[in-house]
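Taking it in order: structure first as structure tokens, then the write-up.
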Amino acid sequence: MKVGFVYDPIYLQHDTGQHVENASRLEAIISHLEQTRLIRQLTLVKPRAATIEELTLVHSEQHVSHIQEMVQKGGGWLDPDTVVSASSYQAAIYAAGGVIEAGEMVMQGGVDSAFALVRPPGHHATANRAMGFCLFNNVAITAEYVLSRYNLERIAIIDFDVHHGNGTQEIFYDNPRVLYLSTHQYPFYPGTGALDETGRGEGKGTTVNIPLPAGCGDNEYLPVFEQIVGPVIRRFDPQLILVSAGYDLHWADELAMMQVTTTGFAQMVKIIRGLADELCSGRLVFTLEGGYNLAALATSVKATFDVLLGDTSNIEDPLGKSPHRLTAPDITSLLKVIKEMHSLP
Ligand SMILES: [Zn+2]
């Protein structure tokens, strides 16, 4: 398997100071990939800057110019969570362009699958607004770009970040060509992602929310992937699968209250990869969203690459299981309700 990764030092220049979403996240991932020598098995995909035309595939011109202006003033806060510095615009357009290039490489067959290791992340950014550490919606821009460039009819976006990708949902809410499926802690930031948010107009049914109570771990996520994610994606039959990969559902992450392990991520990614192999010739593009515990993030991203490469024999999970011993919630009835809502067997 040929697996690509997008990375460029430009992503470190989005300087957020003491913010939890900072450059050390990508530094930890790259240094772990180097230490384990896994990076030698990967193909570097060079990012480029997304053009204004590409950004405005999903964003308003005012949104783009607002971020440009903030950056030209030297930076500042776009919302209570989201800060920009002098180089943030450049980093952000390379983040969007990096995911586009990952999509291009996979569509052209240069690599079998790819993972864009970019920041700032994107899934909270709406058409008109930066929020939740996100400036431009990298995954949504890529979906729109690939749809038109390759004349596709169906792209699925699977978002397993612990937060709901409100921006991605909103952008594609009435679009039947893009299926948006999210697993997330609920109720939680940003407040959206309720079960009954299922799309609008022609897009009715192509938004699938799986709102999970706090405390879910591998034993809850795996049935969700097997019983809901699999059947939903199979029914939609996508020509490409994009993944908003957030690792903040790891038990060691301090931003949320889930219990997933690095081994659990590998099992989830294995299911996603199986769906891509079965439905769309393996065409699969991951993009980094959240994940704030550096050790959990680095080992889980490496495990993701192991699964994409097809060699799960050396997946390491040094953090192991959660020591918190939280009682896992019973999600049996929730799964039943979700299946009924989306007419799944
Ligand atoms: Zn998140």
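Residues are listed down the side, and each one gets a yes or a no for (1) of a type outside the set (S, T, N, Q); (2) over 17 Å from the mean Cα position of the chain (by Cα); (3) in a loop (DSSP other than H, G, I, E, B):
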{"position": "Arg273", "(1), (2), (3)": "yes, no, no"}
{"position": "Ala276", "(1), (2), (3)": "yes, no, no"}
{"position": "Ser281", "(1), (2), (3)": "no, yes, yes"}
{"position": "Thr299", "(1), (2), (3)": "no, no, no"}
{"position": "Pro329", "(1), (2), (3)": "yes, yes, yes"}
{"position": "Leu335", "(1), (2), (3)": "yes, yes, no"}
*Out of the residues in region 243-266 that are of a type in the set (S, T, N, Q) and surrounded by 20 or more Cβ atoms within 10 Å (Cβ to Cβ), which is nearest to Asn166 (Cα to Cα)?*
Ser244
_Which condition from (1) within 16 Å of the ligand (Cβ to nearest atom); (2) within 17 Å of the chain's Cα centre (by Cα) is the one that Asp79 breaks?_
(2)
*Have a look at Val269, Val232, Val285 and point out the one that is away from the ligand (no atom under 16 Å from the Cβ), crowded, with 22+ Cβ neighbours inside 10 Å, over 15 Å from the mean Cα position of the chain (by Cα) and of a type in the set (A, V, I, L, M, F, W, C).*
Val232
*Sort out which residues of region 147-182 are open to solvent by 10 Å² or more (accessible area, probe 1.4 Å) and either among the β-branched types (Val, Ile, Thr) or within 15 Å of the ligand (Cβ to nearest atom) (or both), and write them in order of number.*
His163, Asn166, Gln169, Ile171
*asked:* When the residues of region 183-196 are narrowed to those that are buried (at least 21 other Cβ atoms within 10 Å of the Cβ) and within 11 Å of the ligand (Cβ to nearest atom), which ends up farthest from the chain's Cα centre (by Cα)?
replied: Gln185
*Yes or no: Gly310 under 26 Å from Arg154 (Cβ atoms), more than 16 Å from the ligand (Cβ to nearest atom) and touching an Asp or Glu at 6+ places or on another chain (Cβ under 6 Å)?*
no
_Residue within region 83-102 that is surrounded by fewer than 20 Cβ atoms within 10 Å (Cβ to Cβ), of a type in the set (Asp, Glu) and farther than 10 Å from Leu135 by Cα present_ = no
_The one condition in (1) under 23 Å from Gln68 (Cβ atoms); (2) over 17 Å from the mean Cα position of the chain (by Cα) that Arg200 fails to fulfil_ = (1)
*Tell me, which residue of region 115-146 that is more than 16 Å from the ligand (Cβ to nearest atom) and open to solvent by 10 Å² or more (accessible area, probe 1.4 Å) is nearest to Tyr189 (Cα to Cα)?*
Arg129
*Pull up region 1-45, narrow it to residues that are of a type in the set (Gly, Ala, Ser) and farther than 26 Å from Asp81 by Cβ, then point me to the one that is nearest to the chain's Cα centre (by Cα).*
Gly4
*asked:* The conditions are (1) within 16 Å of the ligand (Cβ to nearest atom); (2) open to solvent by 20 Å² or more (accessible area, probe 1.4 Å); (3) in contact with a strand residue (DSSP E or B) (Cβ under 8 Å, 6 or more places away or on another chain), and Leu212 fails exactly one of them. Which is it?
replied: (2)
*May I ask you to list pairs of residues, at least six apart or on different chains, whose Cβ atoms are under 7 Å apart, with the first in region 245-269 being within 19 Å of Val118 (Cβ to Cβ) and in contact (Cβ under 8 Å) with a residue 24 or more places away in the chain and the second being among the polar types (S, T, N, Q) and open to solvent by less than 10 Å² (accessible area, probe 1.4 Å)?*
Ala245/Thr287; Ala245/Thr304; Tyr247/Ser300; Phe265/Ser300; Phe265/Thr304; Val269/Thr304
*asked:* Suppose we filter region 24-79 for residues that are open to solvent by 50 Å² or more (accessible area, probe 1.4 Å), touching a helix residue (DSSP H, G or I) at 6+ places or on another chain (Cβ under 8 Å) and aliphatic (A, V, I, L, M); how many remain?
replied: 2
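The values are calculated or read from the model by the stated rules, or taken from the named source; none is laboratory data. Predicted model, so just to flag it, every value in this text is computed and none were measured. Reconstructed Cβ throughout: ideal geometry from the backbone, glycine too, with neighbour counts over all protein chains shown. Remember, those area values only see protein heavy atoms, side chains included, never the ligands or the DNA or RNA. Shrake-Rupley method; radii C 1.70, N 1.55, O 1.52, S 1.80 Å.
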